[in-house]
Amino acid sequence: MFRRDNNKFVKTAGVVPPGLTAVERNSSYNGLPMTVVLALIVSIATIFFSMRIYVRSTLIKRLGWDDDSVSGPYGKHLWNVSLAEFVGERLATIQYVMQVSTTPTLGLIKLSIFMLYYDIFNVLSWVRWMIRISAALSSAFYLALTIFNFYVMTPRSGQTIAERFGSEAVIEASKVSIPTTSVGLGIDIILFLMPFIVIFRLQMKRNQKIRASMAFIVGFLAILGSTLSLIFKVQTYGDPDPTYHFILVCFFL
């Protein structure tokens, strides 16, 4: 059973704070701008993915092994979310799936990029070792974080998912989100810089190096997304209105 004195968010769910204007009281997040941005990003991603498949199937004429690895109350102010909705199994299940699936997904995506780099630059011995070490450290980090999230978030015997998410252990575990996001940003920066370091050390004309580097410039979007996610997590840490702001953190994750 939930007790209101166990969780600060449970205490405030469905309770309107004093001093709100009528607009603040009834406002909810406008999802249209996010939908437009998401549609744009998906379109760009589809174009790049199609280019990759075209190059693989038409020019290289083979697919690589790295090719295979590749709503609710959110958006509402917490005071407009009833206590029953906030501590219900529906919201808790959404949170659980997000928590235990996001980390391994990010880890596998970054591992597939390291494998792509290995496939492209494996003729250079020092590059092979750099990729192996970076991929191993990245995979170890995301594997450890996946195990940690699964252990902390999974309900114990006799607990429901909602009761587990209202426990003190889960609240304490959320404190690692900022440092782990910072590590993820560092890995994104390594992934972005690695091909440029290799290309600009090759014996090629400068304009050829620049053209070759342009194929990897899309990695900047990953850095941008991780940076925005980190900024939002820092700004909303301890936020008394998590259901309203958390959707932005997830969007830029």
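Every number here is computed from the coordinates shown, using simple stated rules; none is lab data. Small disclaimer: the values here were computed from a predicted structure and weren't measured. Virtual Cβ from ideal backbone geometry, glycine too; neighbours counted across all protein chains shown.
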Between Ala45 and Trp129, the two model label points (7 Å from Cα along the beta-carbon direction) sit apart by a distance in nm of 3.6 nm
Which of the peptides 107-120, 205-218, 126-139 is most tightly packed, and how do the rest follow, judged by the mean count of other Cβ atoms within 10 Å per residue?
107-120, 126-139, 205-218
Give me log10 I(q)/I(0) at q = 0.13, 0.21 Å⁻¹ for region 102-164, Debye formula, one equal scatterer per alpha-carbon, no solvent.
-0.47, -0.80
Determine, for Phe192, Phe150, the number of other Cβ atoms within 10 Å of each Cβ, and report the residues in order from fewest to most.
Phe150, Phe192
Run the numbers for Lys205 and Phe148: contour at 0.36 nm per residue of separation, minus the present Cα-Cα distance, in nm.
15.8 nm
State, to one decimal in nm, how far the label point of Ser174 lies from the label point of Ser57, with both points 7 Å from Cα in the Cβ direction.
4.5 nm
